[in-house]
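Accompanying notes for the structure given below.
The values are calculated or read from the model by the stated rules, or taken from the named source; none is laboratory data. Note that this is a predicted model, so its numbers are computed, not measured. No Cβ is skipped: glycine too gets one built from the backbone with ideal geometry, and neighbour counts run over all protein chains shown.
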Amino acid sequence: MNSYLDIAPEVRAALDEGRPVVALESTIISHGMPYPQNVETALNVEKIIRERGAVPATCAVIGGRLKAGLSEAEIEHLGKKGYDVPKASRRDLPVLVARGSDGATTVTTTMMIAHMAGIAVFATGGIGGVHRGAETTMDISADLEELAHTPVMVICAGAKSILDLGLTLEYLETKGVSVIGYGTEELPAFYTRRSGFKVDYRLDTPKQLAEAFRAQRALGYPGGMLVTNPIPEEYSMDKATIDGAIEQALAEAKAQGVHGKETTPFLLAKVKDLTGGDSLASNIRLVYNNAALAAAVAAEL
Ligand code: PSU
Ligand code: MN
């Protein structure tokens with residue numbers, strides 16, 4: 001067991017007894033939503049998972065410790081500190097841990113912590129991917145590399161079209177990551193159910209998802225699996241509205257020379273400002289939807 005890892009007692013008990021556990025990320029808490037909705041959402045997500053008989057394990061770096069499972073006070077702390085909590089991707093962990101710092105874990109580092117703890121299923125909102133213009137900037141999220149190497153199933157609502165969704169799928173294919181549509185043949189685009197891009201396979205039940213993941217593990221693959229779960233129809237956004245906001249956010253990022261790890265948070269914050277409460281409400285609902293599916297898959301596994 002990793003000497004920097006703390007597994008919460010409730011999570012450890014569930015893992016020891018073979019009960020279902022679902023990992024959750026913390027960048028979505030510290031950087032993804034405003035306070036206090038971020039804390040409220042994070043606690044509701046945990047509640048949804050518990051109501052379905054699974055145990056939530058929200059992951060983060062707290063005081064240099066890798067945490068699988070947080071207390072309410074720790075979630076409140078991450079939500080209240082917001083952007084003052086550094087974003088922790090793979091390359092950030094060594095220094096954050098050595099310094100005894102806090103860190104908001106991305107999809108990448110949440111997968112790492114989940115795997116260290118022995119958790120197979122992870123629910124989130126959206127993943128990082130290949131950015132538009134990556135053919136010159138080379139801005140490709142470490143999330144895709146982690147999916148290639150770490151055996152955790154990530155359940156998301158697809159990716160936002162701040163990214164180049166076509167190139168993101170190409171990259172995942174190269175890396176050997178199966179992209180599954182849950183009840184759909186089309187990659188969902190986070191706020192909307194459709195993107196115009198096809199997923200690799202459509203599966204329709206938590207049991208089928210669990211079977212595919214078990215088969216992958218039995219085949220001895222090192223990598224993860226990406227399950228894309230479309231936002232429920234009633235909460236999906238108007239495509240023209242969201243596309244307009246994304247185009248404007250991309251133009252502002254370019255004009256201001258935003259780059260590196262700031263790109264994703266900048267674009268997400270701009271889109272949120274431009275679309276106001278609508279996008280926040282949709283974002284919250286799709287996370288709940290993914291949490292419920294993840295609990296069902298964890299139970300099947
Ligand atoms: N995309 C979203 N919402 C998010 C993120 C991405 O729609 O909150 C966060 C996730 O934590 C993801 C990270 O792992 O941003 C990716 O950052 P980057 O592109 O810098 O790798
Ligand atoms: Mn990047």
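Let me confirm something: among LEU144, LEU226, which residue is modelled with pLDDT of 95 or more and within 16 Å of ligand 2 (Cβ to nearest atom)?
Numbers: LEU226 fails: within 16 Å of ligand 2 (Cβ to nearest atom).
After ruling out the rest, the residue left standing is LEU144.
Of the residues in region 152-203, how many are farther than 19 Å from ALA291 by Cβ, more than 14 Å from ligand 1 (Cβ to nearest atom) and part of a loop (DSSP other than H, G, I, E, B)?
Looking only at that region, the number is 9.
Working carefully through the options ALA134, ALA73, find the one that is within 16 Å of ligand 2 (Cβ to nearest atom), surrounded by fewer than 24 Cβ atoms within 10 Å (Cβ to Cβ) and either closer than 18 Å to ALA292 by Cα or among the small types (Gly, Ala, Ser) (or both). Quick ask: steps written out before the conclusion?
Details: ALA73 fails: within 16 Å of ligand 2 (Cβ to nearest atom).
After applying the criteria, what remains is ALA134.
Regarding region 251-263, can at least one residue be identified that is closer than 23 Å to ASP164 by Cα, touching a residue at least 12 places away in the same chain (Cβ under 8 Å), of a type in the set (Ser, Thr, Tyr) and in contact with a Ser or Thr (Cβ under 6 Å, 6 or more places away or on another chain)?
no
Could you check SER101 against (1) in a helix (DSSP H, G or I); (2) more than 11 Å from ligand 1 (Cβ to nearest atom) and say which number it fails?
Answer for SER101: the failing condition is (1).
Name, by its number, the condition in (1) within 27 Å of VAL177 (Cβ to Cβ); (2) among the aliphatic types (A, V, I, L, M); (3) within 12 Å of ligand 1 (Cβ to nearest atom) that does not hold for VAL258.
If we test VAL258 against (1) within 27 Å of VAL177 (Cβ to Cβ); (2) among the aliphatic types (A, V, I, L, M); (3) within 12 Å of ligand 1 (Cβ to nearest atom), just (1) comes out false.
Please note which helices (runs of 4 or more DSSP H) are completely contained in region 1-71 and include at least 3 residues that are over 21 Å from ALA157 (Cα atoms).
On the way: elements: 9-16, 27-30, 37-51.
The qualifying helices (runs of 4 or more DSSP H) are 9-16.
Cβ contacts < 7 Å: first residue touching a residue at least 24 places away in the same chain (Cβ under 8 Å), restricted to region 18-29; second residue assigned to a strand (DSSP E or B) and within 8 Å of ligand 1 (Cβ to nearest atom), any location; separation 6+ or different chain. Result?
GLU25/THR105; SER26/ALA104; SER26/THR105; THR27/LYS87; THR27/ALA104; THR27/THR105; ILE29/ALA104
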